[in-house]
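**Student:** Below are the structure tokens for one structure; questions will follow.
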Amino acid sequence: MNLKNRDFLKLLDFTAQEIEYLLELAADFKQKKKDGVPHKILEGKNIALIFEKTSTRTRCSFETAAYDLGMGVTYLDPSASQIGKKESIADTARVLSGIYDGIEYRGFEQKIVEELAEYSSVPVWNGLTNEFHPTQILADFLTVKEQFGHIKGINFVYFGDARYNMANSLMVGCSKMGVNFTVCSPEKYFPDKELISVCKSLAKESGASIRFETDPEKAAENAHVLYTDVWVSMGESFDVWEERITDLLPYRVTEKLMSAARADAVFMHCLPAFHDLKTGIGSEIGQKFGLDCLEVENAVFESEKSIVFKEAENRMHTIKAVMAATV
Ligand code: CP
Ligand code: NVA
């Protein structure tokens, strides 16, 4: 398998075999890290991280993975660079590819990261856009594999706003990898029709099913994985909270919903999560709407069925695999 110099912009650009290869590589790096076996295979290389939105997991994963591989890192925060303000994406790409061996980009529209890649001569990695979050899905799949021993044939249910990066990328990943994917939300939150039709044909090839359900209990039946994400994503207006809460409250992952799934079902979330009121936004929203949690109950989040922190750790191992494979 040779992925050298390939961009990692969305899972649609990769075959099931290539995704499987990245998962195996990540598992191998994870073992090396646990065993204390050094793997500085990219010594002398350097990467740039562009973040136009905030991040904890993705930034820390790219930085740590780069250090483990022996690379140097420059972090460009939303206010520290000229990107988009004084310098176009195309110019930025050509400048940075003369200096660095890889570029990570987190920001708004997918077309920005696609343009960056078009003009860059070094690999570009998507660290999250409005439409896709492909490195997150690698971590999710590695975690599912560790939990169940395989990903093909797993029943994976996503609850919440399915029009955004997480549900889009999960739907693509699942349909490529033979994972049965159910979207559970009110109809107006179903993903883009064009993407659904692409995924349906991918699912035919892999043997996966793609299902749309408005009844949470029905969706949870026989599920291995119950997955959710924040109801309002980065970059969206604060004003949409009220409508989201009204629409999505029945789709919150509760203990009752978990018990409608398989006995060995797990809870997953890309994080950050509003499972209590111990955050600035969580407490503001909670107080305003009289809620003690949003997309997931604290009892589920803190339960033994919750594998969210293993999932978060796997961000680092999988991002390392993407960089090692492409630089
Ligand atoms: N899951 C995820 O991408 O987290 P961050 O926003 O903290 O990077
Ligand atoms: N949908 C969320 C994912 C965060 C990792 C967002 O875009 O804010």
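Bear in mind these aren't lab numbers, they're just calculated from the coordinates by the rules spelled out. A quick note: this is a predicted structure, and the numbers were derived from the prediction, not measured. No Cβ is skipped: glycine too gets one built from the backbone with ideal geometry, and neighbour counts run over all protein chains shown.
**Student:** By how many nm would the segment from LYS204 to GLU255 lengthen if fully extended, with 0.36 nm per residue of separation less the alpha-carbon distance?
**Tutor:** 15.0 nm
**Student:** Still on this model: List the residues whose amide H sits under 5 Å from the amide H of ARG211, counting only those 5 or more places along or on another chain, with H placed 1.01 Å from N in the peptide plane.
**Tutor:** PHE181, THR182, VAL183
**Student:** List, in order, the whole-Hz ³J(HN,Hα) value for each residue of region 49-64 obtained from phi through the Karplus relation with A = 6.51, B = -1.76, C = 1.60 and θ = phi - 60°; use x for Gly and Pro.
**Tutor:** 10, 9, 10, 9, 10, 6, 6, 10, 4, 5, 5, 4, 5, 4, 5, 5
**Student:** Would you mind giving the average projected area, over all directions, of the Cα convex hull of region 180-327 in nm² with one decimal?
**Tutor:** The orientation-averaged projected area of the Cα hull of region 180-327 comes to 10.8 nm².
**Student:** Of all the C-alpha pairs in region 1-99, what % are more than 19 Å from each other?
**Tutor:** 56 percent
**Student:** Next question, about the same structure. With no solvent and one equal point scatterer placed on each C-alpha of region 10-66, evaluate the Debye formula and give log10 I(q)/I(0) for q = 0.12, 0.28, 0.30 Å⁻¹, two decimals.
**Tutor:** -0.41, -1.12, -1.12
**Student:** Just check region 36-191 against the gyration tensor rule for me: Cα atoms, a ≥ b ≥ c as the square roots of the eigenvalues, rounded for a/c under 1.5, and otherwise prolate or oblate depending on whether a/b exceeds b/c. Each step should come with its number before you reach the end.
**Tutor:** Working: a/c = 2.47, a/b = 1.40, b/c = 1.77.
Cα axes put region 36-191 in the oblate bin.
**Student:** Considering the dipole of the chain built from charges on the beta carbon (Lys and Arg +1, Asp and Glu -1) around the Cα centre, which of SER169, PHE8, ILE41 is farthest to its positive end?
**Tutor:** The residue sitting farthest along the positive end of the dipole is ILE41.
**Student:** Sticking with this structure for a sec: Under a Cβ-only charge scheme (Lys and Arg +1, Asp and Glu -1), can you give me the dipole magnitude of region 15-159 about the Cα centre, in debye to the nearest 20?
**Tutor:** So the magnitude is around 360 debye.
**Student:** Kindly express, to the nearest 10 degrees and within the range 0 to 90, the angle between helix 89-99's C-alpha long axis and the longest C-alpha principal axis of the chain.
**Tutor:** In the chain, helix 89-99 runs at an angle near 50 degrees to the longest axis.
**Student:** Right, something else. Quick one, can you get me the convex hull of the C-alpha atoms of region 163-237 expressed as volume per residue in Å³? Don't skip to the answer; put the middle values down first.
**Tutor:** Details: hull volume 6.9 nm³, N = 75.
Normalising the Cα hull of region 163-237 by residue number yields 92 Å³.
**Student:** May I ask which of LYS4/LYS33; LYS4/LYS45; LYS4/LYS53 have a Cα-Cα span longer than 20 Å here?
**Tutor:** Long pairs (Cα-Cα over 20 Å): LYS4/LYS33; LYS4/LYS53.
**Student:** Can you work out the Karplus-derived ³J(HN,Hα) for every residue in region 214-220? Use 6.51 cos²θ - 1.76 cosθ + 1.60 with θ = phi - 60°, whole Hz, and x for glycine or proline.
**Tutor:** 9, 9, x, 5, 5, 5, 6
**Student:** I've got another one for you. What number, rounded to the nearest 500 deg cm²/dmol, is the helix-based mean residue ellipticity at 222 nm of the chain, given -39500 (n - 2.57) per DSSP H run of at least four residues and division by all its residues?
**Tutor:** Working: 13 runs with 147 residues, N = 327.
Helix-only estimate at 222 nm: -13500 deg cm²/dmol.
**Student:** For region 128-141, what does the Karplus curve 6.51 cos²θ - 1.76 cosθ + 1.60, with θ = phi - 60°, yield as ³J(HN,Hα) per residue in whole Hz, taken in order and with x for Gly and Pro?
**Tutor:** Each residue's phi maps through the Karplus curve to give 2, 10, 4, 8, 9, 9, x, 5, 4, 5, 4, 5, 4, 5 Hz.
**Student:** Another question about this same structure. Just for the Cα atoms in the chain, what are the lengths along the principal axes, largest first, rounded to whole Å?
**Tutor:** So the extents along the principal axes, rounded to whole Å, are 53, 41, 40.
**Student:** Using a 10 Å Cβ count of at most 10 others and DSSP loop calls, identify the longest part of the chain lacking such trypsin sites (Lys or Arg not before Pro).
**Tutor:** No qualifying site falls inside 87-277, the longest such stretch.
**Student:** Just the ratio, please: alpha-carbon radius of gyration of region 112-188 over 2.2 N^0.38 Å, N its number of residues.
**Tutor:** Cα-based Rg divided by the globular estimate yields 1.24.
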